[in-house]
Amino acid sequence: MKPENKPNFTTLLWDVDGTLLDFDYSMRHSLRSCFDSIGRPLTGEMIDGYRRINDGYWKRLERGEVTKQELLSGRFRDFFAEYGLTGIDVEAFRRDYEAGLGNTYAFQEDALTIVKALQGHYRQYVVTNGVTAVQESKLKLSGLAEVMDGIFISETIGAAKPSPVFFDYCLGQLEEKDKGRILMIGDSLTSDILGGIQAGIRTCWYNPGEKEPPQEYRADYEISVLQQIYEVLGIFV
C-alpha cells in the first residue's frame, strides 16, 4: 500500500519476535531440544498447547497482571500440569529453553536485507519485550544488532510494551524528538500498535495473516509483507 501525504520519517522502531525474526521457529526448535534432553516425547498438539499458554502469559504481562518472573516459570508449570508431565525441574528446563531461544533464529521474509537497505537513511531501533540475555544473543547472532542504532529491551527498562513507561523511556533516548517523524513497526496489536498509539507516534501493523483488527487498534499503516515498508516510507526499489 502507498500512503497518502507521507510523513517525513527519520526514525523506525522495530519489534523483533514475529516481525523481524520468526519466533515460532525458535520456540519450536528450543522446545524440541529441551524435550530431547530430558528424554520425553513432544507432540505437535503439545507444541500448540505451549504456544497458547505462552501467548496467554505474555498478554497478561502486557496488562500488568503478572511479573516477568511469574511468566517465565509459570508458563512451564501450567504447561507441564496440563499435559500431566511430572518429575521435571521447572527452573532447569526454563534456563535450557531460554538458552535455546537465544541461540536459534530465523528471519521473517528478507528482514535483514530490508533493515540493511534502510541503514544510513533512517535511524533504526529494536523495541522488544523479552529476556535481555535471550534477545541480545539472537540480535547479535542474526546480525541485526550491528545494523540497529540502539536496542531497547523490556526487562532492562523494567516495563513492557505497551506500557507508557516503556515507550516514554525509549522516546526519551532518541535523537528525534518530533513524534510525527517516528514510526513503530510490529506484528502485535496489543503491544506494538497499542503502545505506539498511546505514545502518540505513527504505527505500522505487520499483518501477514491479513486479519481484521478491532477498531481500537487501528494502525496508521498496514502491511502484509515486510517489503511493503518501502511503500510506507515512499521508497521505490
Positions within the range 191-223 being farther than 17 Å from W14 by Cβ and of a type in the set (S, T, N, Q), in sequence order: Q198, Q215
Being closer than 29 Å to E70 by Cα and touching a strand residue (DSSP E or B) at 6+ places or on another chain (Cβ under 6 Å) narrows it down to one of V127, V165, so name that one. V127
Within the range 179-198, is there a residue that is among the acidic types (D, E) and over 21 Å from V232 (Cβ atoms)? no
Does the range 78-100 hold any residues that are exposed (fewer than 15 other Cβ atoms within 10 Å of the Cβ) and either of a type in the set (K, R) or modelled with pLDDT under 95 (or both), and which are they? R95
Just wondering, is there one or more residues in the range 214-224 that are touching a Gly at 6+ places or on another chain (Cβ under 9 Å), within 19 Å of Y125 (Cβ to Cβ) and surrounded by fewer than 20 Cβ atoms within 10 Å (Cβ to Cβ)? yes
All conditions in (1) out of contact with any helix residue (DSSP H, G or I) (no Cβ under 8 Å at 6 or more places or on another chain); (2) surrounded by 14 or more Cβ atoms within 10 Å (Cβ to Cβ); (3) not polar (S, T, N, Q) are true of Y105 except (1)
Which residue, of S30, S37, is under 23 Å from the mean Cα position of the chain (by Cα), farther than 30 Å from R202 by Cβ and modelled with pLDDT of 95 or more? S30
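The values are calculated or read from the model by the stated rules, or taken from the named source; none is laboratory data. For clarity, every value in this text was computed on a predicted model and none was experimentally measured. Cβ coordinates were reconstructed from backbone atoms using ideal geometry, including for glycine residues, and neighbour counts include every protein chain displayed.
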